[in-house]
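What follows is a set of notes on a single structure, which appears directly below.
The values are calculated or read from the model by the stated rules, or taken from the named source; none is laboratory data. A quick note: this is a predicted structure, and the numbers were derived from the prediction, not measured. Neighbour counts are summed over all protein chains in view; Cβ atoms, including those assigned to glycine, are modelled from backbone coordinates with ideal geometry. To get the accessible areas, we keep the full protein, side chains included, count just its heavy atoms, and leave off ligands, DNA and RNA. Shrake-Rupley method; radii C 1.70, N 1.55, O 1.52, S 1.80 Å.
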Amino acid sequence: MEQLTELEIAVFQLDMGFAPAERCVDWAVERLRLDQEGDDLEVVLLASARGRDEVLPLADVIIARYRGAQRRDQQFLAGKYIVELHLAYLQRLESVSSLDAIFTRLYPALAYPDWLVMLSRNCEYAMDVPDFEQPFEEEFNYIAALWANADSRADFDRLYSRETSNRHDVMLG
């Protein structure tokens with residue numbers, strides 16, 4: 001099954017309330033269009049599913065079947081979502097305010113990961129303090145670039161430096 005990570009990211013975003021169920025449905029429709037479903041009944045059913053309550057169980061079966069115990073880590077899926085958000089921010093489709101609302105939900109949902117501390121903090125502060133906009137953008141660029149190049153959470157963890165994140169701060173005084 002090709003493109004399973006794409007479905008995992010869509011399911012993560014749907015489950016967190018960040019994306020509509022149609023994104024998972026579109027994934028299944030595309031698999032059918034490209035004849036990549038391999039006669040997988042759940043993919044066929046997912047292509048015609050409507051709403052979160054129909055989509056999540058079907059997508060979960062598909063992911064479990066093809067990933068098994070190798071399911072993607074929630075932080076990895078969040079990191080890939082941050083890559084999408086970064087692109088949307090650069091295209092002015094997301095703002096500091098909209099990102100703050102997302103990070104405010106994401107940070108505790110992921111149990112406060114170290115790599116999200118400075119990004120979340122700087123985003124929150126940038127809403128009210130203009131001096132934090134540049135440090136926020138520097139940290140956002142840094143974190144998004146690391147996740148864009150990571151094929152796993154272990155890849156990200158090997159590259160991430162808390163010291164680098166700490167440099168994306170406002171120097172007072």
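Among the candidates 72, 65, single out the residue that is more than 16 Å from residue 23 (Cα to Cα), modelled with pLDDT under 95 and under 14 Å from the mean Cα position of the chain (by Cα).
Numbers: 65 fails: under 14 Å from the mean Cα position of the chain (by Cα).
Result of the check over 72, 65: 72.
How many of the residues in the stretch 91-142 are part of a loop (DSSP other than H, G, I, E, B) and open to solvent by 80 Å² or more (accessible area, probe 1.4 Å)? Spell out how you get there, then give the answer.
As a first pass, look at the stretch 91-142 and keep what is part of a loop (DSSP other than H, G, I, E, B): 91-95, 110-113, 127-129.
Filter once more, keeping what is open to solvent by 80 Å² or more (accessible area, probe 1.4 Å): 91-93, 112, 127-128.
Residues in the stretch 91-142 being part of a loop (DSSP other than H, G, I, E, B) and open to solvent by 80 Å² or more (accessible area, probe 1.4 Å): 6 in total.
I'm trying to understand the selection: among the residues of the stretch 39-66, which are of a type in the set (A, V, I, L, M), in contact with a Leu (Cβ under 6 Å, 6 or more places away or on another chain) and open to solvent by 30 Å² or more (accessible area, probe 1.4 Å)?
Matches in the stretch 39-66: 45, 58.
Hey, among the residues in the stretch 1-38 that are polar (S, T, N, Q) and surrounded by 15 or more Cβ atoms within 10 Å (Cβ to Cβ), which one's nearest to residue 94 (Cα to Cα)?
Of the residues in the stretch 1-38, the ones polar (S, T, N, Q) are 3, 5, 13, 36.
Still in the list and also surrounded by 15 or more Cβ atoms within 10 Å (Cβ to Cβ): 5, 13.
Values: 5: 23, 13: 16 Å.
Within the stretch 1-38, the match that is nearest to residue 94 (Cα to Cα) is 13.
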